[in-house]
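Notes for the one structure printed next.
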Amino acid sequence: MVPDALAGFARVHADLVVHDEQGGFLRARSPAPTRRVGIVSGGGCGHEPLHLGFIGAGMLDAVCPGRLMASPHNRQVFDASRAVARGGGVLHLVKNYTGDRINFGIAAERLAHEGIDCARVLVDDDLASESAESAAGRRGTGATVLVEKVLGAAADTGLGLRELAGLGAELAGRCRSLAVASAAHTAPATGRAAFELAEGELEYGVGIHGERARRTVSRPPLDELVTDMTEALLTSLGPAPGESVIALVNGLGGVTRLELYGVARALALRLDGRGLVLERTLVGDFVTALDMRGFSLTLMRADTETVKWFDAPAHTPAWPR
């Protein structure tokens with residue numbers, strides 16, 4: 001399924017991307033000429049439009065798609081990085097999963113051996129997986145899209161590798177996400193739900209690979225649910241009244257746009273009530289989990305420079321602006 005889908009994606013968006021089938025990656029056909037550093041990301045398929053949809057001017061130079069919900073091989077990352085590295089090197093944007101960390105890390109070592117400067121930005125925004133008992137740390141989820149957008153615009157201004165890596169780490173630290181689901185995704189191998197929930201139950205803190213949450217709750221009214229999620233994110237981020245944020249209201253694959261706008265309304269009202277400035281809101285499917293019926297909320301604390309880069313032009317298959 002994955003190879004056919006990648007070929008179809010490349011055919012549909014042939015004006016924007018080039019598919020290197022042998023290397024196992026896709027790259028931007030017309031990347032920004034002002035960049036000194038190439039940007040590469042990737043991860044398992046099943047989360048579209050992440051990452052493929054954000055290849056192009058203003059965002060990613062190359063993407064390495066893995067198999068369904070599995071990390072790309074380090075060979076893919078190495079080949080993609082070598083293909084798009086600029087004079088200033090290459091920056092890896094990596095979601096915090098063990099397989100991704102290992103494979104991007106091996107690729108970075110191989111790049112160093114060839115004299116290509118490489119740095120990493122690790123995205124670890126998922127509040128539900130935060131635990132002192134876990135050595136793996138928070139998972140990387142919805143914030144990946146926001147970091148890819150802002151960092152891509154910053155790279156277009158000609159920032160160097162160390163500047164971008166520092167900015168990326170700061171951006172990732174200013175993001176938190178939380179996801180809920182009322183039904184699991186369909187497991188392609190079995191055609192059955194990856195996990196079962198009773199009528200009226202909600203998985204609170206679900207992962208984008210179908211990881212069960214720590215708790216299953218009775219489904220509350222939407223306003224109550226969004227308020228609870230928003231308060232959890234704000235408690236972790238700690239923005240002061242008057243501070244600006246950018247929000248992502250993200251469908252996990254099985255929720256209608258109509259429902260997501262209802263979520264966006266509840267989120268905006270809660271942020272208004274906390275005296276925060278909601279600068280921008282993205283609504284739609286950006287980081288999915290196949291057809292999971294659920295949504296995630298992501299908040300990024302945003303200063304003036306961040307908003308400017310968020311608003312900068314981008315020309316990719318899936319960026320909406």
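The values are calculated or read from the model by the stated rules, or taken from the named source; none is laboratory data. Model, not experiment: these values are computed from the prediction. Every residue, glycine as well, gets a Cβ built from its backbone with ideal geometry; the counts of neighbours run over all protein chains shown. Just so you know, the surface numbers come from the protein's heavy atoms only, side chains and all, with ligands and any DNA or RNA stripped out. Shrake-Rupley method; radii C 1.70, N 1.55, O 1.52, S 1.80 Å.
If we keep just the residues of the stretch 237-252 that are open to solvent by 10 Å² or more (accessible area, probe 1.4 Å) and hydrophobic (A, V, I, L, M, F, W, C), which is farthest from Asp285 (Cα to Cα)? Lay out the reasoning, then the answer.
Looking only at the stretch 237-252, we keep the residues that are open to solvent by 10 Å² or more (accessible area, probe 1.4 Å), and these are 237-244.
Narrowing the set further to residues that are hydrophobic (A, V, I, L, M, F, W, C) leaves 237, 240.
Details: Leu237: 24, Ala240: 29 Å.
Applying the filter and picking the extreme gives Ala240.
Looking for whichever is at pLDDT 95 or above, part of a helix (DSSP H, G or I), over 22 Å from Leu26 (Cα atoms) and of a type outside the set (D, E, K, R) here; the options are Leu146, Leu171. Which one fits? Of Leu146, Leu171, the one residue that is at pLDDT 95 or above, part of a helix (DSSP H, G or I), over 22 Å from Leu26 (Cα atoms) and of a type outside the set (D, E, K, R) is Leu171. Filtering the stretch 178-194 to residues that are in a loop (DSSP other than H, G, I, E, B), of a type in the set (A, V, I, L, M, F, W, C) and within 22 Å of Val263 (Cβ to Cβ) leaves only Ala184.
Select the strands (runs of 3 or more DSSP E) contained entirely in the stretch 210-321, then report the ones holding at least 2 residues which are at pLDDT 95 or above and under 17 Å from the mean Cα position of the chain (by Cα). Full working, then the answer.
Values: elements: 215-218, 244-251, 277-284, 293-301.
Passing ranges, in order: 244-251, 277-284, 293-301.
For a quick check of your reading: which strands (runs of 3 or more DSSP E) sit entirely within the stretch 1-81 and have at least 3 residues that are more than 21 Å from Leu161 (Cα to Cα)? Break it down into steps so the answer makes sense when it comes.
Values: elements: 17-20, 25-28, 38-45, 62-68.
The strands (runs of 3 or more DSSP E) meeting that bar are 17-20, 38-45, 62-68.
Within the stretch 262-307, the residues that satisfy the criterion of being open to solvent by 30 Å² or more (accessible area, probe 1.4 Å) and on the phi > 0 side of the Ramachandran plot are Gly275, Leu290. Pull up the stretch 154-168, narrow it to residues that are open to solvent by 20 Å² or more (accessible area, probe 1.4 Å), assigned to a helix (DSSP H, G or I) and not small (Gly, Ala, Ser), then point me to the one that is nearest to Leu297 (Cα to Cα). Among them, the one singled out is Leu167.
Please find, within the stretch 197-209, the residue that is nearest to the chain's Cα centre (by Cα) out of those that are under 14 Å from Val180 (Cα atoms) and open to solvent by 50 Å² or more (accessible area, probe 1.4 Å). Break it down into steps so the answer makes sense when it comes.
Here is the first cut: in the stretch 197-209, the ones under 14 Å from Val180 (Cα atoms) are 197, 200-209.
Among the residues that remain, those that are also open to solvent by 50 Å² or more (accessible area, probe 1.4 Å) are: 201, 209.
Values: Glu201: 26, His209: 13 Å.
Filtering the stretch 197-209 for residues that are under 14 Å from Val180 (Cα atoms) and open to solvent by 50 Å² or more (accessible area, probe 1.4 Å), the one nearest to the chain's Cα centre (by Cα) comes out as His209.
Just the residues that are within 30 Å of Met229 (Cα to Cα) and open to solvent by less than 20 Å² (accessible area, probe 1.4 Å), please, taken from the stretch 93-127.
First pass over the stretch 93-127, keeping only residues within 30 Å of Met229 (Cα to Cα): 93-101, 120-127.
Hits for the stretch 93-127 are Leu93, Val94, Lys95, Asn96, Asp100, Val121, Val123, Asp125, Asp126.
Across the stretch 66-93, what is the total count of residues that are within 18 Å of Val2 (Cα to Cα), in contact (Cβ under 8 Å) with a residue 40 or more places away in the chain and in contact with a Gly (Cβ under 6 Å, 6 or more places away or on another chain)? Result for the stretch 66-93: 4.
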